[in-house]
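Let me begin by presenting the structure, written as structure tokens, before commenting on it.
Read-outs: derived from the displayed coordinates by stated rules, not from any lab. Everything numeric in this text was worked out from a predicted model, so none of it was measured. Don't worry about glycine lacking a Cβ; one is built from the backbone with ideal geometry, like all the others, and counts go over all protein chains shown.
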Amino acid sequence: MIYKKIKDNILYAGMNDCDRLIFDELIPLDHGTSYNSYIVIGSEKTAVIDTMYPKFTQEYLKSFDENGIKKVDYIIANHGEQDHSGSIPAMLEKFPQAVVVTNAVCAGNLKEMLLIPSDKIKIVKNDEELSLGDKTLQFKIAPGVHWPDTMFTYLKEDNIICTCDFLGAHYVFEDVFAVPSKELERSAKKYYAEIMMPFATVCRKYIQQIRNMNVDMVMPSHGPIHKNPNYILDLYEDWAGEKGKNLVLLPYVSMYHSTTEMIDYLANKLAEKGIPSIKYDMVDGNLGDLAIALVDGTTIVLGTSMVLAGPHPAAFNTVYLASVLKPKAKIASFIGSYGWGGNLFGKMADMLAPLKLDVIEPILVKGRAKAEDFAKIDVMAQEIYNKHHELGLI
Ligand code: FEO
């Protein structure tokens, strides 16, 4: 456990989970993650904002004794997901006088997921305030970043906002305050890609809301605290923007190198035209790298071998991920090679349909690419160039 004074009577009480290698059993973590809980001690009442991942409940509870926190009146649940709410039942046992304070949607989740009784929950509305004596908490309901139950808690007198998952990062630290670095930026971007990118439009709304509040600090529930809120707000604004970069993503899987050869050829042709690309090995690659690339890419050309009359399963996996993460990509195509027949692209195109991508004619080759196939790739590269130019990216 890390206990640290943030300001007078505002404490960080969180945990670095350095051993965690993957989150949501989906995206690998480069730096583990932290679960941040905050204690706000008013002249009359004490509130805890978000709690702890269940695995660390006992350490978390013990830390209250070790640091002389003898009473908790309010447990603020900014979000019902259990990496933040999981210790609430144990907190209610330790501090039986405490009441859980949250919005109506989150209250429903806490009742269903953690079996918290209704009479232990106080439901608050947007902008409602809760006095702790000389400190006031104000609740900002913020559905969609990233669950429908999310809210922020604003510490009025201290001009600090606790944003739960929003503006967070999977990152561990010794000091709890953010020190800008490429590593922190990468972790925050990967985190954004996985849990916030599907809600980019909503993110833009809350980025602006927090900018307008001109807060002194952003205290998320994962990753470091931002004493310079513009650092993380600027990054999020870039990532959540509607326009992608002059960048092509080339996820590929190739059984006999025929598809790799074509993807490599396309990458070289794009480079000749001034279009950077990122190749991603769908079997051996780190899914986090793909997620990060999806934040920026405008075009996706997916290369796959045929396996049993359809795309390689790794290609389906990538296409599914792209379809649910809702990246800002505008253009897509496919390149593939087959041995004896089947439908290589149809189902993948169907899965991507909700993204309403501009699909360039795919290229399907039996075995190795021949001169006429490479000529088709030349045409594809030129089409991508033209479309990027029309979009003002070149
Ligand atoms: Fe960090 Fe949505 O929980």
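Against the main long axis of the alpha-carbon atoms of the chain, helix 104-114 sits at an angle near 90°.
Looking only at the stretch 248-389, where both bridge partners belong to it, what percent of the DSSP beta bridges are antiparallel (to the nearest 5)?
Values: 2 of 24 bridges.
Around 10 percent of the beta bridges assigned by DSSP in the stretch 248-389 are antiparallel ones.
The angle between the Cα long axis of helix 229-240 and the longest principal axis of the Cα atoms of the chain comes to about 30 degrees, rounded to the nearest 10. DSSP beta bridges fully contained in the stretch 54-158 are about 55 percent antiparallel. Across q = 0.14, 0.16, 0.17 Å⁻¹, the stretch 248-389 modelled as identical point scatterers on its alpha-carbon atoms has Debye log10 I(q)/I(0) values of -0.56, -0.75, -0.86, in the order of the q list. Taking the charge dipole of the chain about its Cα centre, with +1 at Lys and Arg Cβ atoms and -1 at Asp and Glu Cβ atoms, the residue from Asn109, Ile76, Val295 reaching farthest to the positive side is Val295. Along the stretch 383-394 the Karplus relation, 6.51 cos²θ - 1.76 cosθ + 1.60 evaluated at θ = phi - 60°, assigns HN-Hα couplings of 4, 4, 4, 4, 5, 5, 5, 4, 7, x, 8, 10 Hz to successive residues, with x for each Gly and Pro. Beta bridges from DSSP with both residues in the chain: antiparallel share about 45 percent, rounded to the nearest 5.
Determine the relative contact order of the stretch 2-239: mean sequence separation of Cα pairs under 8 Å and six or more apart, normalised by residue count, in whole percent.
Working: 504 pairs, mean separation 40.9, N = 238.
Across the stretch 2-239, relative contact order equals 17 percent.
Distant-in-sequence amide contacts of Met217, defined by a placed amide H-H separation under 5 Å and a gap of 5 or more residues or a different chain, comprise Ile161. Which of Ile384, Ile335, Gln97 sits closest to the plus end of the dipole of the chain, meaning its Cα is farthest towards the positive end, when Lys and Arg get +1 and Asp and Glu get -1 on the C-beta? The residue sitting most towards the positive pole is Ile384. Against the chain, whose longest principal axis is taken from its Cα atoms, helix 182-191 shows a tilt of about 90°. Distance between the 7 Å Cα→Cβ label points at Lys243 and Met351: 3.1 nm. For the peptides 12-25, 184-197, 323-336, the ranking by packing is 184-197, 323-336, 12-25, with the highest mean count of neighbouring Cβ atoms within 10 Å listed first.
Under the classification rounded if a/c is under 1.5, otherwise prolate if a/b is larger than b/c and oblate if not, where does the stretch 2-239 fall, given a ≥ b ≥ c as square roots of the Cα gyration tensor eigenvalues? Walk me through the numbers before you get to the answer.
On the way: a/c = 1.36, a/b = 1.27, b/c = 1.07.
Rounded.
For the stretch 34-51, 3J(HN,Hα) computed residue by residue from phi via the Karplus equation (6.51, -1.76, 1.60; θ = phi - 60°) reads 10, 10, 9, 10, 10, 10, 10, 9, x, 5, 10, 10, 10, 10, 10, 9, 6, 10 Hz, glycine and proline entered as x. Out of residues 5 or more away from Ser34 or on other chains, whose amide H comes under 5 Å of its own, with H placed 1.01 Å from N in the peptide plane? So Ser34 has HN proximity to Asp17, Tyr171, Gly223. Which of rounded, prolate or oblate describes the stretch 55-176 when judged by the alpha-carbon gyration tensor and an a/c cut-off of 1.5? Rounded is the answer for the stretch 55-176, as its axis ratio a/c remains below 1.5. Among 35-42, 228-235, sorting by the average number of other beta carbon atoms lying within 10 angstrom of each residue, highest first, gives 35-42, 228-235.
Let me have the relative contact order for the stretch 248-389, percent, based on Cα pairs under 8 Å that are six or more residues apart. Working shown, then result.
Values: 245 pairs, mean separation 38.8, N = 142.
About 27 percent, as a whole number.
Computed 3J(HN,Hα) for the stretch 345-360, one whole-Hz value per residue from the Karplus formula 6.51 cos²θ - 1.76 cosθ + 1.60 where θ = phi - 60°, is 10, x, 5, 5, 4, 4, 5, 8, 3, x, 7, 6, 7, 7, 9, 7, glycine and proline marked x. Taking amide H positions as modeled 1.01 Å from N, with prolines and chain starts lacking one, the residues under 5 Å from Ile116 and 5 or more places away or on another chain are Lys111.
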